[in-house]
Amino acid sequence: MVIKKGFFALSSCTLGLGLILTACGARGKFDQVDDGVIKLATSIQNKDSIAALNTIYKKYKERHPGSYPVQNFQVPGGYSGLRNDIRTRLSAKDGNNFYNIVLNYPDVVSSLATSDMQLILDNVDTKLLSKNFLSFNERIGGVRQKGIYAIPISLSTELMVLNGPVLHYILNSAKKKENGAQMIKRSGSFSTVQKGTMAIDMNDQKTKDLWQKIENAAKANGKTTSTQTSPQPKNAVSSLQLKQAAEGTSTDNSQDAENSDNEIKKTWGEYKEEGNHTLKGYTFKASVFENWNELLDFSTRVANSFPDKIKNQASKKATELQGVFGVDSVSGALFSATFAAGGGDYDKFFFNVKNGRGNFRNLLEKGSSYNNLQKVFNDYKQLISSNGLYINKGGAYSSNFLKFHQLAFSVGSSSGYHFAFAGESAKRLEFGQKAIEYPRDTYEIKAPTNSQNGNGTLLGSFTKSKSNGKEQSGQDEDNQTSETIELYKSSVPSGKEAGKNALAITNQQLISALENAAKDNKTSQPQARSLTASDQVQITQSSDKVIGYITTSNLDIDNNNTFDVGKLNGDKSTSKIIVNATLKTLNKINTLQSEEGIILPHPQKYKSTDPQAVATVQGPSIIGVHANAKENAETQKFINWFINQKETWPENSKGNKNGQNGQMTAAQYFAKSSGYVLPYSETFTKQSEDEHSTTKDAYKILKDVNDGKLVGYSDPSDFRSGKFRDTIVAAFSGAVSSKADFNKFFKGFEQQLGQEYRRG
């Protein structure tokens, strides 16, 4: 068996997508070298997903020892990075370093089809899958022969997370006081009376129920004992409370909500009704979260009602209030809102695929989707002008701020919505103008002592412990083994093994930062521990000087405070070092706990009067790539096993906690490990919400899509749709920064897109 050598860098042409494959020299089908390996390419960064894939590869090798083994190839840059990597390898006719399987969105099939490199999965049994979630194969551009080319294995949707305590402060500040109480605003030596004039429609049952949840969230956030007014641990119970519980009585916990409001006020500032388009005279209903038009209007009113911290603050530090509404996926929000405004009809959307061809003329020739996009944009424009919108840039998800009360609500993927909640004792690293929650799999870098650094090349070291893959909770620490990894300047000395017990630091700015931190007289004394379940930092004496932090979590690398330093042996992700950071431990009242968040579907209509509700359906599919006759057969053999064959899986893994799931297919194991929904027919016909405890909110929405109660939206698949999506996101992000109007936004979008999209 010949193993392919390392991947080589390929330069990409700078031409438009419609010409790249022809101009760069690649047009037409080509065979790959048969190297006896099935290469599966993915850009997934979720560690649970990666661990599940490795377990699946091992299981397949055990069960099919005579078959080609599967190897994982991790491509950086997310789905777009993998998509671009595939196009580049197609353009070079890379028969030595290409893939057999790709986990990505179906537009990759269209890209493969430009060189006839798509692999029809005609030997894969898809009977277990719901036909409703396979039908997108009919909307893939460039494919001549009808069939199954992409199989969805991990579905998610978009969810809205409301920060209950923050919403309570906003609404409680704005609403009319039932007992005639007034808000007193003190200015100088005199007081003026400021009345809240907003109403909460308590005659509407949905609104009444939502307000109750918001009140309960605020009470949980500011929970105190009966004799104390300062926030206490939220699991604390006083002797009086125990006595009242025994007697069947209860205590008035309205003070808890007031404590929460007082604390959140420090971040959000004073509520004010003067000015235009505030909450003055407004009637709040739960329906504001059901459609984009009302949601954006409400968000704008909130921003204008807190001018000192939002409307009048165009520039914000990472530790300050970021706005009212956070959006993780700009394309998802714009596309689903515009699709809903068009009645859930692809013929009225930006682009569609018919007879194997993608058509973008509806938007570019200013048809109905152009008008709908203008309506949606102008709703956003009001919020942008009031500095109330936060959008994800460079991996800085809104959940990073929602969990610290720096946003009121946000929309993001159901697969990651749990990141909106902080841990029991949340820690945050603050550096420069940025702040991040203390990442998982993070360790403290300690300065070397004089005796350690005899030759002057040792920069520092960190110690981590392994728990042999067992869950941390309930495990005997004696079973753990620790290892110390040292960081050296420029190169690793003899006697040390790079990647195993040493790392060479070559970035001069990072070297200087670590050396300067070691010289600093200030000694950092945070608690030394990792936040992951399987790895722990060995606790050291508090006198050890912390000069930085090293993590394998996904970080935005700026080469100023954050640096990529390569991969340690055994790690699936590269290590990153954070320097010049301050570690802060936050009181729970300053964080959003899971019981204080309110989970809702993303807005499913543009306006409440729209006849059709729409839900986003997203997630990667398993896609085959042509190689050669033998590898094509082996590829389909693996995919068929992955989809259909039930196996027994490790009981201590996330996908099979305590063995409770019994036998299941590799696809089921992967979905459960990753927090996705697998669209088998039985998922929606024989299973209940209780069987989807970690994905029940997404499950309910996807079940409604499967049952025809909602129209599912997913991008039509054309090889140009990836660039189209990236371009509209870039143009919108620019409009947020510059506060451009629609005409300027759209003109910039057209210029970046190019003429090739007008050709049909």
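Tabulated data for the structure shown
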| item | result |
| --- | --- |
| Check on K58, surrounded by fewer than 16 Cβ atoms within 10 Å (Cβ to Cβ), of a type outside the set (S, T, N, Q), under 30 Å from the mean Cα position of the chain (by Cα) and over 14 Å from N554 (Cβ atoms) | yes |
| Region 416-425, residues that are assigned to a loop (DSSP other than H, G, I, E, B) and modelled with pLDDT under 85 | G416, G423, E424, S425 |
| Filter result (of a type in the set (V, I, T) and either touching a residue at least 40 places away in the same chain (Cβ under 8 Å) or part of a strand (DSSP E or B) (or both)) within region 143-157 | V143, I151, I153, T157 |
| Out of I623, I643, sole residue that is more than 25 Å from P603 (Cα to Cα), at pLDDT 95 or above, surrounded by 19 or more Cβ atoms within 10 Å (Cβ to Cβ) and in contact with a Leu (Cβ under 7 Å, 6 or more places away or on another chain) | I643 |
| Whichever residue in region 322-361 is among the β-branched types (V, I, T) and in a strand (DSSP E or B) and, among such residues, is nearest to the chain's Cα centre (by Cα) | V327 |
| Helices (runs of 4 or more DSSP H) within region 204-295 that include 1 or more residues at pLDDT 95 or above and at negative phi | 205-221, 254-268 |
| Of all residues making up region 49-76, the number that are within 18 Å of S673 (Cα to Cα) and assigned to a helix (DSSP H, G or I) | 12 |
| Exclusive hit being of a type in the set (D, E) and either crowded, with 21+ Cβ neighbours inside 10 Å or under 30 Å from S315 (Cα atoms) (or both), set D741, D707 | D741 |
| The lone exception for D35 - which of (1) modelled with pLDDT of 95 or more; (2) touching a helix residue (DSSP H, G or I) at 6+ places or on another chain (Cβ under 6 Å) it fails | (2) |
| Verdict on T609 being surrounded by fewer than 24 Cβ atoms within 10 Å (Cβ to Cβ) and free of Cβ contacts under 8 Å to residues at least 24 places away in the same chain | yes |
| Test: residue in region 597-614 that is among the charged types (D, E, K, R), at pLDDT 95 or above, over 23 Å from A498 (Cα atoms) and in contact with a helix residue (DSSP H, G or I) (Cβ under 9 Å, 6 or more places away or on another chain) | yes |
| Matching residues in region 158-192 - criterion: being modelled with pLDDT under 95 and not in a strand (DSSP E or B) | K176, K177, E178, N179, G180, A181, Q182, G188, S189 |
| Qualifying positions in region 746-760 - under 29 Å from the mean Cα position of the chain (by Cα) and either surrounded by fewer than 16 Cβ atoms within 10 Å (Cβ to Cβ) or within 18 Å of N362 (Cβ to Cβ) (or both) | F746, F749, E750, Q752, L753 |
| So E437, is it of a type in the set (D, E) and without any contact (Cβ under 8 Å) to a residue 40 or more places away in the chain | yes |
| Test result for K93, touching a residue at least 12 places away in the same chain (Cβ under 8 Å), in contact with a strand residue (DSSP E or B) (Cβ under 7 Å, 6 or more places away or on another chain) and over 21 Å from R357 (Cβ atoms) | no |
| Among (1) touching a residue at least 40 places away in the same chain (Cβ under 8 Å); (2) over 26 Å from D726 (Cα atoms) - the single one Q74 does not satisfy | (2) |
| Residues satisfying the stated conditions in region 40-71, i.e. of a type outside the set (A, V, I, L, M, F, W, C), closer than 28 Å to G722 by Cβ and either touching a Gly at 6+ places or on another chain (Cβ under 7 Å) or not assigned by TED's automatic domain parsing to the domain that holds S674 (or both) | S43 |
| Any hit, region 307-321, residues being under 27 Å from the mean Cα position of the chain (by Cα) and part of a strand (DSSP E or B) | no |
| Index of the failed condition, Q452 passing every other in (1) more than 23 Å from I578 (Cβ to Cβ); (2) at pLDDT below 95 | (1) |
| Residues that are of a type in the set (G, A, S) and either part of a loop (DSSP other than H, G, I, E, B) or not assigned by TED's automatic domain parsing to the domain that holds A633 (or both), drawn from region 86-104 | A92, G95 |
| Region 546-565 - residue that is in a loop (DSSP other than H, G, I, E, B) and touching an Asp or Glu at 6+ places or on another chain (Cβ under 8 Å) and, of those, surrounded by the fewest Cβ atoms within 10 Å (Cβ to Cβ) | I557 |
| Residue ID - modelled with the lowest pLDDT, chosen from residues in region 437-449 that are buried (at least 20 other Cβ atoms within 10 Å of the Cβ) and β-branched (V, I, T) | T442 |
| Test result for L363, free of Cβ contacts under 8 Å to residues at least 24 places away in the same chain and buried (at least 23 other Cβ atoms within 10 Å of the Cβ) | yes |
| Matching residues, region 569-579, being surrounded by 14 or more Cβ atoms within 10 Å (Cβ to Cβ) and either at pLDDT below 85 or of a type outside the set (A, V, I, L, M) (or both) | K572, S573, T574, S575, K576 |
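Listed here are the residues, each with its yes/no results for (1) buried (at least 24 other Cβ atoms within 10 Å of the Cβ); (2) within 23 Å of Y169 (Cα to Cα).
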position	(1), (2)
Q382	no, yes
A396	no, no
F401	yes, yes
F404	no, yes
S410	yes, yes
S413	no, no
A420	yes, yes
G423	no, yes
E430	no, no
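For every residue, the table says whether it meets (1) buried (at least 18 other Cβ atoms within 10 Å of the Cβ); (2) closer than 30 Å to R725 by Cβ; (3) without any contact (Cβ under 8 Å) to a residue 40 or more places away in the chain.
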position: E263; (1), (2), (3): yes, no, no
position: G281; (1), (2), (3): no, no, no
position: V302; (1), (2), (3): yes, yes, no
position: D328; (1), (2), (3): yes, yes, no
position: S369; (1), (2), (3): yes, yes, yes
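The values are calculated or read from the model by the stated rules, or taken from the named source; none is laboratory data. Everything numeric here is computed off the predicted structure, so don't read it as measured data. Cβ atoms come from the backbone with ideal geometry, glycine included; neighbour counts cover every protein chain shown.
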